[in-house]
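Every number here is computed from the coordinates shown, using simple stated rules; none is lab data. Quick caveat, the model's predicted, so the values are computed rather than measured. Neighbour counts are summed over all protein chains in view; Cβ atoms, including those assigned to glycine, are modelled from backbone coordinates with ideal geometry.
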């Protein structure tokens, strides 16, 4: 066997091993129907029914994430907090803002600013 043939055999072997090892990695977050719900809310968010449906979807994502032992996706707590704040549930909204910053420490500065602006608190 020549060097070219050995090289070709090794190359083909690696190619087929690589193709065979293509397993799908499970997602680390549960998104459920977030894209559809968010899109509908973006278009028809002024309608009470659509607003409530989107809030319910965010709550379902949080619940399903906990049941599946996954982290809640980034921004979900904050978005739910924003929607609750808009609907007058300010104390509950603050809980979700705090959950966002404790779950994702990289959001701490932003969430602290949001809390300070909405609740008049300085850190």
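Residues that are more than 21 Å from residue 28 (Cα to Cα) and either touching a strand residue (DSSP E or B) at 6+ places or on another chain (Cβ under 9 Å) or surrounded by 14 or more Cβ atoms within 10 Å (Cβ to Cβ) (or both) within the stretch 45-71 comprise 45, 50, 51, 53, 54, 55, listed in sequence order. The residues of the stretch 34-44 that are within 14 Å of the chain's Cα centre (by Cα) and surrounded by 14 or more Cβ atoms within 10 Å (Cβ to Cβ), listed by number, are 34, 37, 38. Tell me whether the stretch 84-96 contains one or more residues that are without any contact (Cβ under 8 Å) to a residue 40 or more places away in the chain, surrounded by 15 or more Cβ atoms within 10 Å (Cβ to Cβ) and in a loop (DSSP other than H, G, I, E, B). So far as the stretch 84-96 goes, yes, one or more of its residues are without any contact (Cβ under 8 Å) to a residue 40 or more places away in the chain, surrounded by 15 or more Cβ atoms within 10 Å (Cβ to Cβ) and in a loop (DSSP other than H, G, I, E, B).
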